[in-house]
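These notes concern the structure reproduced below.
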Amino acid sequence: MLGLLPGAGGTQRLPNLVSIPNALDMMLTGRTIKADKAKKMGLVDMTINPLGPGIKPSDIMTLEYLERVAVGVASELASGKLKKTKKKGLMEQAISLGLKIGFVKDKIFEKARAQVMKQTKGLYPAPLKILDIVRTGLDKGTVAGLEAEAAGFGELVVTPESKGLISLFKGQTECKKNSFGKPQIPLKNVAVLGAGLMGAGIVQVTANKGFNVILKDTTDNGLIRGHGQIHDGLANSVKRKRITRFLGNFKINKCEIFID
């Protein structure tokens, strides 16, 4: 969070896409939405499954496939062959109807404000400003909401809270960068000594990045436990649909275990 609010009409367009409760949750928490849930919510229209490795690495093949699908869908929308349709579910219809009743609308925003105050103790102005601006759009229309959004963004960007959070974000980003530069010899293989909790975790992260990994330990039990942790971690990623089952099996096969 940067202590700001969604600009470019985000506070007004998002509630129309995903309903008020979902929109407030996204704007107030900055929570990441998984692709399948985003489609179900109406945030995105279409998703694709990632491709496994082939002639090129899996991430590059997936991006190229995504581009082909996106261009094809855009062409069909432009030509009229494909029509964008969205049907509201019963819950969304009930919420839309409830928002037309002042008492129901007041209760929704009172609950949201109480949750914000509980989590922030009123120390951060952005979440409260977001609530006010979304309410303005609902009460007075989109044009008034957009004007309030532009004014609110201008107010927040100069607050000490926003400047501090932006500085923190930049610092975190800098810490993630490789200060040693690009290696002269490309790294392909990594060896990890010790199959404990930390060692197995390092192996899983490294295998996820596409490296071949050798895991060494002094005992059979240690290797079995470490291999089990890696397998369970990748299986959990498959279960949560972060990666495909094929890709999960491919990554576990990139790990070799030895006793030394």
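The values are calculated or read from the model by the stated rules, or taken from the named source; none is laboratory data. Because the structure is predicted, anything quoted here is derived from the model rather than measured. FYI the Cβ positions are ideal-geometry reconstructions off the backbone, even for glycines, and counts take in every protein chain you see. Accessible surface is based on the protein model in full, side chains and every heavy atom, while ligands, DNA and RNA are left aside. Shrake-Rupley method; radii C 1.70, N 1.55, O 1.52, S 1.80 Å.
Summary of computed values
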| quantity | calculated |
| --- | --- |
| Distance violations [Cα-Cα > 23 Å] among K111/K170; K37/K140; K56/K251 | K111/K170; K37/K140 |
| Within-13-Å neighbourhood charge of T206 [Cβ basis; K, R +1; D, E -1] | +3 |
| E110 - accessible surface, heavy atoms, 1.4 Å probe, Å² rounded to 10 | 100 Å² |
| Integer Hz, Karplus 6.51/-1.76/1.60 couplings in order for the stretch 173-186, x for Gly and Pro | 5, 5, 5, 7, 6, 7, 7, 8, x, 6, x, 5, 10, x |
| Ranking by accessible area, most exposed first, for K100, K129 with a 1.4 Å probe | K100, K129 |
| Protein-only accessible surface order, largest first, of V104, V71 at 1.4 Å | V71, V104 |
| Cα-based helix-to-principal-axis angle, 125-140 vs the chain, degrees rounded to 10 | 50 degrees |
| Helix-only [θ]222 nm of the chain, DSSP H runs n ≥ 4, -39500 (n - 2.57) each, per residue, nearest 500 | -20000 deg cm²/dmol |
| Of K39/K105; K34/K87; K129/K241, those spanning more than 30 Å from alpha-carbon to alpha-carbon | K129/K241 |
| With Cα atoms, 0 to 90° folded angle of helix 58-79 axis to the chain main axis | 30 degrees |
| DSSP-assigned coil residues among trypsin sites (Lys or Arg not before Pro) in the stretch 7-58, each with at most 15 further Cβ atoms within 10 Å | R31, K34 |
| Average accessible area per residue (Å²) across the stretch 110-159 - probe 1.4 Å, nucleic acids and ligands excluded | 59 Å² |
| Angle between the chain longest axis and helix 220-239 axis [Cα atoms, degrees, rounded to 10] | 30 degrees |
| Solvent-accessible surface ranking, highest first, for F109, F169, F103 at 1.4 angstrom | F103, F169, F109 |
| Computed E for D45/K170 - FRET, C-beta separation, R0 25 angstrom, nearest 0.05 | 0.15 |
| Sequence-distant residues sharing a close amide H with I214 (under 5 Å, placed H) | V190, A191, V192, E256 |
| Directionally averaged shadow of the stretch 109-260, computed from the convex hull of its alpha-carbon atoms, nm² | 14.9 nm² |
| Assigned charges on the beta-carbon of Lys, Arg, Asp, Glu; the stretch 104-247 dipole about Cα centre (debye) | 380 debye |
| Kirkwood-based Rg to Rh ratio, the chain, C-alpha trace | 1.06 |
| Hz values of 3J(HN,Hα) by residue in the stretch 149-157 - Karplus curve (6.51, -1.76, 1.60), Gly and Pro given as x | 5, 4, 5, x, 4, x, 5, 6, 5 |
| For the stretch 177-260, convex hull of alpha carbons as volume per residue, Å³ | 109 Å³ |
